[in-house]
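Accompanying notes for the structure given below.
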Amino acid sequence: MAAALARLWGRLGWRGLALLTTGVSWISYGASLTIQPRYGTVRGISVLLDLMCMAAWGWLWITAGAISLAYALVRPGRDLLGVAAAMGPPLLWSLAYALGAMAGTSPTAWGAIAPWASHALLIAIVAYLTRPRLIVPRVVGDGAQ
């Protein structure tokens, strides 16, 4: 059992764990938006509701979560679509709340901007810190003087 967990962790790592937990979170959040959206969320992102209904936005979150999950076990450097799927929805929500606050559709929308943006930033930090290192051989001399 310990060997299997070690192999799984060797394949997953911190980057994969971030994509895995984000994927599960986005699927859960998207399902809640699709089934029973909260009133504050509807008011806060009202600028997006002219583009699609709330159920469609919920499916966007679910799809992004599924993509994040699918890329959790992919090697770093080949998982950029998963990283983008993990970062996209919270950045979009942060922008929607910012626009909602500026438009005055929700007096408390400003309070949701930083929390959503911070999740995307944390994913970017994990992706940066766990990126594959390029090993370039150092050329000492090419023989020409």
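The values are calculated or read from the model by the stated rules, or taken from the named source; none is laboratory data. The structure displayed is predicted, hence computed values, not measured ones. Backbone-built Cβ (ideal geometry, glycine too); neighbour counts: all protein chains shown.
The table below lists the values:
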read-out: Any hit, region 77-90, residues being closer than 21 Å to VAL126 by Cβ, among the basic types (Lys, Arg) and either out of contact with any His (no Cβ under 8 Å at 6 or more places or on another chain) or touching a residue at least 24 places away in the same chain (Cβ under 8 Å) (or both); value: yes
read-out: LEU19 being crowded, with 19+ Cβ neighbours inside 10 Å, of a type outside the set (S, T, N, Q) and under 25 Å from LEU129 (Cβ atoms); value: yes
read-out: The lone exception for ALA96 - which of (1) surrounded by fewer than 21 Cβ atoms within 10 Å (Cβ to Cβ); (2) over 18 Å from LEU17 (Cα atoms) it fails; value: (1)
read-out: The listed residue being more than 30 Å from ILE135 (Cβ to Cβ) and either modelled with pLDDT of 90 or more or out of contact with any Cys (no Cβ under 6 Å at 6 or more places or on another chain) (or both), out of TRP9, TRP61; value: TRP61
read-out: Within region 28-41, considering residues that are crowded, with 19+ Cβ neighbours inside 10 Å and either not hydroxyl-bearing (Ser, Thr, Tyr) or not in a helix (DSSP H, G or I) (or both), the one farthest from the chain's Cα centre (by Cα); value: LEU33
read-out: Exclusive hit being under 27 Å from TRP9 (Cβ atoms), without any contact (Cβ under 8 Å) to a residue 60 or more places away in the chain and in a helix (DSSP H, G or I), set ALA117, ALA64, ALA127; value: ALA64
read-out: Selected residue [surrounded by 15 or more Cβ atoms within 10 Å (Cβ to Cβ) and outside any helix (DSSP H, G or I)] from VAL83, VAL74; value: VAL74
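Table: residues versus (1) over 16 Å from LEU17 (Cα atoms); (2) basic (Lys, Arg); (3) modelled with pLDDT of 90 or more.
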position: MET52; (1), (2), (3): yes, no, yes
position: SER68; (1), (2), (3): no, no, yes
position: TYR71; (1), (2), (3): no, no, yes
position: ARG75; (1), (2), (3): no, yes, no
